[in-house]
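One structure is given here, and the rest of the page talks about it.
The values are calculated or read from the model by the stated rules, or taken from the named source; none is laboratory data. Quick caveat: nothing in here was measured; it's all calculated off a predicted structure. Please note: Cβ atoms are built from the backbone with ideal geometry, for glycine as well, and neighbour counts cover all protein chains shown. Note: areas computed on protein heavy atoms with side chains; ligands, DNA, RNA excluded. Shrake-Rupley method; radii C 1.70, N 1.55, O 1.52, S 1.80 Å.
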Amino acid sequence: MKMKLYEALALGIRHAMEKDTRVILLGSGFGGLSPEAQIAFATLESDFGDRVYPIPISELGLAGACIGASLAGSRALVDLSTGSFLLQALPQVINEAANIHYMTGGQTKVPATFYSLIGVRGAGAAQHSHRPQAWVVNTPGIRVLLPANSNDAYWFMRWALLESENPTCFFSHALLLNREGEVNLESMNDPVGKAVVVREGSDVTVVTVSVMVERALKAAEELFEESRLSVEVIDLRSLSPLDRETVISSVSKTGRVVIAEESSRTFGPAAELAAILVEGAFPYLRGPIYRACTADVPIPFSPPLEKEVLMDSQKLKETIRLAVGGKE
């Protein structure tokens, strides 16, 4: 069945609420500012009115309420809106939710889900273009999910609400909400924590996640048409759990790698993945590890300046060419 990513999210929440009466929603604005997406989520409020709670703009308090409800036996999902608003909730997310299981000697679990729209979305400027995955994934005890397609959005949301035993940060990229894709409602194709090779290749591996997956696929297709370059593309799907084995296996095969991730270059997930490959695939590398990330600057409001700092498919193509520059 084909559906847009926001439709898949809404359906995943609906099916989770139908399956488990402990699932509650704090807020109902999971579709962001899109009127169409807002309509999709509005039906949840009308159909599950006793489990959907209107919320004020108080992210710190909302995250705390989500944690408290989860400790009391609910499986709570809270809408923290755009990634920049998550900043207000970080003390609760990373200093409370992530630590409670450990600090109670394993006696207590926090199956809370913190939802946020992230990414450089166009005219978001410096205060509304955050990519918070790099901050959150640095904290032990939190799951960090970044679906790149409708199928993963549906199944990741169901998994977070019905199965995850850890606090989970569910990050939807704002530019992906209206992307349409096939959704298999019968079973999850690949489990959470398993990376997927979305395009097979032999010359170079591109390791990526979230919005960068479609940009990597576009770059790979164009490079094959232009120069018969064979690019393998891996969708990590989540940063915690992180599938190191699939990444190392692919790079061991191709010998060359570009890590494409929308966070800033310095101290971001791409840097950690580069370290993992040095440790696990160094004998197989035939060239340097390249990172294709957003520039280390505040995101400009001006569209031309935003385009300049953003890692798009064209810049990614240029980086891939650099990575294979020494190809025999």
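The residue that is surrounded by the most Cβ atoms within 10 Å (Cβ to Cβ), counting only those in region 279-296 that are among the hydrophobic types (A, V, I, L, M, F, W, C), modelled with pLDDT of 95 or more and under 24 Å from the mean Cα position of the chain (by Cα), is 292.
Of the residues contained in region 50-63, none is found to be of a type outside the set (Lys, Arg), loosely packed, with under 15 Cβ neighbours inside 10 Å and in contact (Cβ under 8 Å) with a residue 40 or more places away in the chain.
On the basis of being touching a residue at least 60 places away in the same chain (Cβ under 8 Å) and either closer than 25 Å to residue 135 by Cα or not in a loop (DSSP other than H, G, I, E, B) (or both), does residue 67 make the cut? For residue 67, the condition - touching a residue at least 60 places away in the same chain (Cβ under 8 Å) and either closer than 25 Å to residue 135 by Cα or not in a loop (DSSP other than H, G, I, E, B) (or both) - is met. You will find that of 222, 226, the residue that is in a helix (DSSP H, G or I), touching a residue at least 40 places away in the same chain (Cβ under 8 Å) and open to solvent by 20 Å² or more (accessible area, probe 1.4 Å) is 222 and no other. Inspection of region 181-195 finds no residue satisfying the criterion of being touching a strand residue (DSSP E or B) at 6+ places or on another chain (Cβ under 8 Å) and either among the basic types (Lys, Arg) or in a helix (DSSP H, G or I) (or both). Residue 41 meets each of the listed conditions (1) over 20 Å from residue 156 (Cα atoms); (2) aromatic (Phe, Trp, Tyr); (3) open to solvent by less than 50 Å² (accessible area, probe 1.4 Å) apart from (1).
Could you list all residues from region 311-328 that are within 11 Å of residue 120 (Cβ to Cβ) and surrounded by fewer than 19 Cβ atoms within 10 Å (Cβ to Cβ)? Of everything in region 311-328, just one residue is within 11 Å of residue 120 (Cβ to Cβ) and surrounded by fewer than 19 Cβ atoms within 10 Å (Cβ to Cβ), namely 312.
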